[in-house]
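*Asks:* Mind having a look at this structure? Questions to follow.
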Amino acid sequence: MKRINVKIDLIACMDIHRGYYSKDINEDMIGKRVRVAGWISDIRELSTITFLIINDIYGPIQIISSNINKIPKQSIIAVDGIVQRSRSKTMPLEIKAERIDLLAEAVHPLPLDPSGRIDSSLDVRLDARALDLRNINTRAIFKIRHHALQSIRTTLIKHNFIEVNTPKIIGSASEGGANLFAFKYFNKQAYLAQSPQLYKEQLTLALDRVFEIAAYYRAEKSHTIRHLNEFISIDIEAAFMDAEDVMNIAEEVIIDVFAYITRYASKELEVLNINHEIPKIPFERLTYARIIDELKRDIKIEYGDDLPDHGLRLLGERHKGFYFITDWPLELKPFYIHAKDDEPNLSCSFDLQHGYLELASGGRREHNPNILKKRLVEQGLKPEDFADHLKVFEWGMPPHSGWGLGFDRLMMILTNTNNIREVVLYPRDTERLTP
Ligand code: ATP
Ligand code: MG
């Protein structure tokens, strides 16, 4: 067999295409010549032969070759060779190399070892995220993420929701202004959207049911394992639905995503050692008042307080799976939330929790412009600042409800991860702005 001796400057003339993915190599191809390509994850040199393991997105494939020049691990190669049976128990087929093209050399030392044999801290991994993704566990997380998004879209579209894109550069502080990233937009003041709330409500006027999957920005200086300054939210808003109706949609989205990834990402779940049971619906509904009574036994808390972090932790110990907290005091909720008809101090709103983690907030929205103006004033906001929004409510706004669900937090649940940074490719927090 020819020794490979490839100069990097020859790359331009080389065939850069892959013939087959690792998953496509099967018994029927024994004796056939194929071309595979990927990164080298392992090399074992015996006296006269070399075993190379190359990986592509779908997994490893073994290459057997007579003595070849040293190629550093993680380099990208393409191999032409004959499919044959191997002696390995884990990889029953291998490729006997006839030609190896070095398409890109990995320059050592690398910042981390994707094989996982040497542990790296999360910071090191995030600083070298592209390489970290060659780790089988990290890769599994982001493949599950892809499937989860597919599932959520499918469920919502089944219910006639239309996918929309609303602006992320906004000219006024939509929901009160705190926590907004502000910047100069030519000669005007602009902000990054913290949610699509007002736009999605407006869109129900004509589009009936809308959803958006997008990044939002909050200038919170929180150092937690569940907050980022840029996060992905799944938002829905539906005309002629009440809070209970959209809670039912949330339940369906959740159980569908568990079923979908169990079906389409079974290998990835296996890699992560996860065996999900599909959650049972309906999820438990607990009123805010009941939660406060429960917490009062252990912590100092009064009716009317928001749920503090240590309160959420206690709740998480007692309520393990998914549950809703309903009937929040109106004053704890934003101006656009509808009051309960029979108990005006309570709101038609809910949070969806998973243990300690708040996963979604939603409710019925106020669609009467006069009440909306009153609520804005009560919350110390100026109706003039919301003129563009309020005018839409004079054009025949249907009653509507919706929710916003933190997709990264859902990913933490689906992948049994306890730090949100694990499930986000390039997380943005108070310390981290690069890469
Ligand atoms: P929290 O109380 O946990 O800070 P929130 O009540 O401020 O959340 P909402 O405005 O209700 O958040 O946003 C809807 C959902 O978006 C939340 O339930 C959560 O899942 C997600 N979310 C909100 N802020 C963040 C963030 N900073 N990082 C990641 N996800 C977030
Ligand atoms: Mg919330």
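*Asks:* In vacuo Debye scattering of the range 224-364, one point per C-alpha: log10 I(q)/I(0) at q = 0.12 Å⁻¹?
*Replies:* Computed log10 I(q)/I(0) values: -0.57.
*Asks:* Averaged over all directions, how much area does the convex hull of the C-alpha atoms of the chain cover when projected, in nm²?
*Replies:* Computed as one quarter of the Cα hull surface, the answer is 26.5 nm².
*Asks:* Compute from the Cα atoms of the range 164-293 the Rg and the Dmax, the latter being the longest Cα-Cα distance, and quote both in angstrom.
*Replies:* 18.5, 54
*Asks:* Count neighbours as other Cβ atoms within 10 Å of each site's Cβ, and list the chymotrypsin sites (Phe, Trp or Tyr not before Pro) in the range 91-186 that are DSSP loop with at most 10 such neighbours.
*Replies:* In loop regions of the range 91-186 (DSSP not H, G, I, E or B), the sparsely surrounded chymotrypsin sites (Phe, Trp or Tyr not before Pro) are Phe186.
*Asks:* Do any GluC sites (Glu not before Pro) in the range 283-389 lie in a DSSP loop with no more than 15 other beta carbon atoms within 10 Å, and if so, which?
*Replies:* Glu302
*Asks:* So which of Lys221/Lys280; Lys168/Lys320; Lys296/Lys333 end up more than 31 Å apart by C-alpha? Please list the in-between numbers first.
*Replies:* Values: Lys221/Lys280 36 Å; Lys168/Lys320 35 Å; Lys296/Lys333 21 Å.
With Cα atoms farther than 31 Å apart: Lys221/Lys280; Lys168/Lys320.
*Asks:* Still on this structure, please answer the following. Using DSSP to call loops (not H, G, I, E or B), can you name the chymotrypsin sites (Phe, Trp or Tyr not before Pro) in the range 190-270 whose Cβ has at most 16 other Cβ atoms within 10 angstrom?
*Replies:* Of the chymotrypsin sites (Phe, Trp or Tyr not before Pro), the ones in loops of the range 190-270 whose Cβ has at most 16 other Cβ atoms within 10 Å are Phe240.
*Asks:* Quick one: if you take sqrt(5λ) for each eigenvalue of the C-alpha gyration tensor of the range 307-415, what semi-axes come out, biggest first, whole angstrom?
*Replies:* 30, 15, 13
*Asks:* Here's a follow-up. Compare Arg134, Arg129, Arg85, Arg421 by solvent-accessible area with a 1.4 Å probe and give them largest first, with all protein chains kept in place.
*Replies:* Of Arg134, Arg129, Arg85, Arg421, the descending order of accessible area is Arg85, Arg134, Arg421, Arg129.
*Asks:* Can I ask one more? Amide H to amide H, which residues 5 or more places from Ala104 or on other chains are under 5 Å from it, using H placed in the peptide plane?
*Replies:* Here Ile76 satisfy the definition.
*Asks:* From the phi angles alone, apply the Karplus equation (6.51, -1.76, 1.60; θ = phi - 60°) to the range 33-43 and give each ³J(HN,Hα) in whole Hz, x where the residue is Gly or Pro.
*Replies:* Karplus-based 3J(HN,Hα) across the range 33-43 equals 8, 9, 10, 10, 8, x, 9, 7, 9, 7, 9 Hz.
*Asks:* Still on this model: Across 10 Å bins from the origin, how do the percents of Cα pairs in the range 1-138 run, short distances first?
*Replies:* 12, 42, 34, 12, 1
*Asks:* Continuing with the same structure: Debye calculation, C-alpha points only, no solvent: report log10 I(q)/I(0) for the range 261-304 at q = 0.15, 0.27, 0.29 Å⁻¹, in the same order as the q values.
*Replies:* -0.62, -0.93, -1.00
*Asks:* Determine by what factor the alpha-carbon radius of gyration of the range 95-161 differs from 2.2 N^0.38 Å, reporting the quotient.
*Replies:* Compared with the compact-globule rule of thumb, the range 95-161 sits at 1.66.
*Asks:* Also: Amide H to amide H, which residues 5 or more places from Thr287 or on other chains are under 5 Å from it, using H placed in the peptide plane?
*Replies:* Amide H neighbours of Thr287: Thr326.
The values are calculated or read from the model by the stated rules, or taken from the named source; none is laboratory data. Note that the coordinates shown come from a computational prediction; the quantities given were computed from them, not determined experimentally. Every residue, glycine among them, receives a Cβ derived from its backbone with ideal geometry; neighbour counts consider all protein chains shown. The area values use the complete protein model at the heavy-atom level, side chains included, leaving out ligands, DNA and RNA. Shrake-Rupley method; radii C 1.70, N 1.55, O 1.52, S 1.80 Å.
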